[in-house]
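Comments concern the structure below.
Here, each number is a calculation from the coordinates, and none is a lab measurement. It should be emphasised that the depicted structure is a prediction, and the values quoted were computed from it without experimental measurement. Ideal geometry is used to build each Cβ from the backbone, glycine not excepted, and the neighbour counts take in all protein chains shown.
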Amino acid sequence: MVAEELLTIYPNPASSHIRLELDDYLDHAQDIYINVSHPTGQLVYSGTLAPFTYVHDIAVDDWSAGLYII
């Protein structure tokens, strides 16, 4: 399995939320830390995906339009 298939992020573009889905192939027993930054380096979101959790929603409706790095 290639790395691109292990994480799905949608919708793109987003107006109210984004959803991160990990493939259940990643049977993670530890927290996964999620950071979203603006290209300038400003951190706009920080969260945690608990062990054995595969879906995480992030509200983006108060973010400015643009490119973000996860």
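Inter-label distance, Ala50 to Ala29: 1.8 nm, where each label sits 7 Å from its Cα along the C-beta direction.
How long is the gain from Ser16 to Ala65 if the chain were fully straight, where each residue apart is worth 0.36 nm and the alpha carbon distance is subtracted? Don't skip to the answer; put the middle values down first.
Numbers: separation 49, 0.36 × 49 = 17.64 nm, distance 1.12 nm.
The span from Ser16 to Ala65 would gain 16.5 nm if fully extended.
Over the chain, what relative contact order in percent results from Cα pairs under 8 Å that are six or more residues apart?
Working: 109 pairs, mean separation 22.8, N = 70.
Reported relative contact order: 33 percent.
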